[in-house]
Amino acid sequence: MSQGQESEVGKSPLSQRVRSLSPSGIRRFFDLISSMDGVVSLGVGEPDFVTPWRIREAAIYSLEKGYTMYTSNYGLLELRQGISKYLNQRYALSYDPTNQVLVTVGVSQGLDLAMRAILDPGDEVIIPEPTYVSYVPCVLLAGGVPVTVPTHMENSFRVRPEDIEARITPRTKALLLGYPNNPTGTVMPRREMERIADMVRRHNLLVVSDEIYERLVYGVEHTCFASLPGMADHTIHLGGFSKSYAMTGWRVGYACSRPEIIEAMMKVHQYTALCAPIQGQMAAIEALRSGDEAVEEMREEYNRRRHLMVRGLNRLGLSCLEPQGAFYTFPSIRGLGMSSEEFAERLLMEEKVAIVPGSAFGPSGEGHVRCCYAVSAGEIEEALARMERFVGRVKGGS
């Protein structure tokens, strides 16, 4: 065998970008749970509600009528019209459904499309942290450079505009925001968003705004970034149906922006996914038409569970801010003398309670754990009782 042949044999079949990615810090714990019985899971970021009946019925009816074909790459026009109408009524935004709205395979695909459409190799994207687990990988897979901005419990995990601005360089292309936030539950006040908007305008940046939890806020108003003065042209607005309408498995999201940006995202979409599933799109049309009452009922139930979880965690001595959005708490475990991963793994093995270590959401998440309250009140109470036993043993030195 020649030297050239030997080097070919030793070459990895995988791309360097993929090889450099770490597995999701959440997935490891899901894999552990799958082999255990009796686990109370506060780890999965998914509603425990079934999709409301009228939405399911619309999808069933679409199958009975024979809707089993491709749609336009942009998505069903009726759905795009519904999304445009919804955003206009809720945030006074005006998106042309023919060329400014793209239906995606969930918000996760929308984020991937946005990054691949706007980034050239070496372009930088600023991301507040703790951050959802897919943000940094999506930037890396698109050839970009993620630049994280740590936030802290002492400031309610709100990113400060001056900290963002300090990280802007000539290579900065975009700012990636996710509010209400996963994992912290933070909602940014409008005045702080306005300050960020002013900075975006001065530096002529794009903002990719992931607002999948926009309907799940408690006692505060959600600020849609694109609705701020002058921001519609600077923003790729990402939204969807998974969280608010309990439609995670339907895989329907959307992106709204300037026509040239949406067309660029559609180019990637048409060569990779082609279109979102038609049954999911038909269900989403019905969700926009009749789902508001169900959304409000679920939000009120999450709010009750939120109070139960926060009171319980603080009673255990795990200092926990009251989240204003999404369905997560992010308590501190700093006083217990162990890493967030060790805490999560021991809690799972010793008490069969599944949570997610804060380190899964970036270095500034260390010292915290994510507990999801999209589970029943009974499960929350049982999890808290088990956690109380565990924390008591840790504090007792056993």
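The values are calculated or read from the model by the stated rules, or taken from the named source; none is laboratory data. Everything quoted here is computed from the prediction, not taken from an experiment. FYI the Cβ positions are ideal-geometry reconstructions off the backbone, even for glycines, and counts take in every protein chain you see.
Annotations for the structure displayed:
Table: residues versus (1) over 28 Å from F49 (Cβ atoms); (2) surrounded by fewer than 24 Cβ atoms within 10 Å (Cβ to Cβ).
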{"site": "P180", "(1), (2)": "no, no"}
{"site": "P183", "(1), (2)": "no, no"}
{"site": "D198", "(1), (2)": "yes, yes"}
{"site": "H203", "(1), (2)": "yes, yes"}
{"site": "Y218", "(1), (2)": "no, yes"}
{"site": "G230", "(1), (2)": "yes, yes"}
{"site": "H237", "(1), (2)": "no, no"}
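- Residues in segment 359-398 that are outside any loop (DSSP other than H, G, I, E, B) and either within 30 Å of V149 (Cβ to Cβ) or within 23 Å of the chain's Cα centre (by Cα) (or both): S359, A360, F361, P363, S364, G365, H368, V369, R370, C371, C372, I380.
- Taking residues in segment 193-214 that are closer than 24 Å to Q324 by Cα, and partners anywhere that are assigned to a loop (DSSP other than H, G, I, E, B) and among the basic types (K, R), the pairs with Cβ atoms closer than 8 Å and at least 6 places apart or on different chains are I212/K243; Y213/K243.
- The set of residues in segment 306-345 that are within 17 Å of A383 (Cβ to Cβ) and of a type in the set (K, R) comprises R306, R311, R315.
- Evaluated against (1) at pLDDT 95 or above; (2) part of a helix (DSSP H, G or I); (3) hydrophobic (A, V, I, L, M, F, W, C), F29 falls short on exactly one condition, (1).
- Any chance R251 is at negative phi, touching a strand residue (DSSP E or B) at 6+ places or on another chain (Cβ under 9 Å) and of a type in the set (K, R): no
- Scanning segment 207-243 for residues that are more than 19 Å from the chain's Cα centre (by Cα) and in a helix (DSSP H, G or I) yields S227, A232, D233, H234.
- Residue under evaluation S319, criteria (1) closer than 16 Å to I83 by Cβ; (2) surrounded by fewer than 17 Cβ atoms within 10 Å (Cβ to Cβ), criterion not met: (1)
- Test: S244 is touching a Phe, Trp or Tyr at 6+ places or on another chain (Cβ under 9 Å), hydroxyl-bearing (S, T, Y), under 20 Å from P146 (Cβ atoms) and without any contact (Cβ under 8 Å) to a residue 60 or more places away in the chain: no
- Whichever residue in segment 32-44 is over 30 Å from G291 (Cβ atoms) and surrounded by 10 or more Cβ atoms within 10 Å (Cβ to Cβ) and, among such residues, is modelled with the highest pLDDT: V39
- For segment 162-190, a tally of residues being without any contact (Cβ under 8 Å) to a residue 40 or more places away in the chain and out of contact with any Ser or Thr (no Cβ under 9 Å at 6 or more places or on another chain) returns 5.
- Matching option when the condition is crowded, with 22+ Cβ neighbours inside 10 Å and either farther than 19 Å from S22 by Cβ or among the charged types (D, E, K, R) (or both), among R334, R386, R370: R370
- Among the helices (runs of 4 or more DSSP H) confined to segment 248-350, the ones with at least 2 residues that are free of Cβ contacts under 8 Å to residues at least 12 places away in the same chain are located at 259-272, 292-315.
- Given (1) closer than 27 Å to L216 by Cα; (2) modelled with pLDDT under 95, number of the condition A326 does not satisfy: (2)
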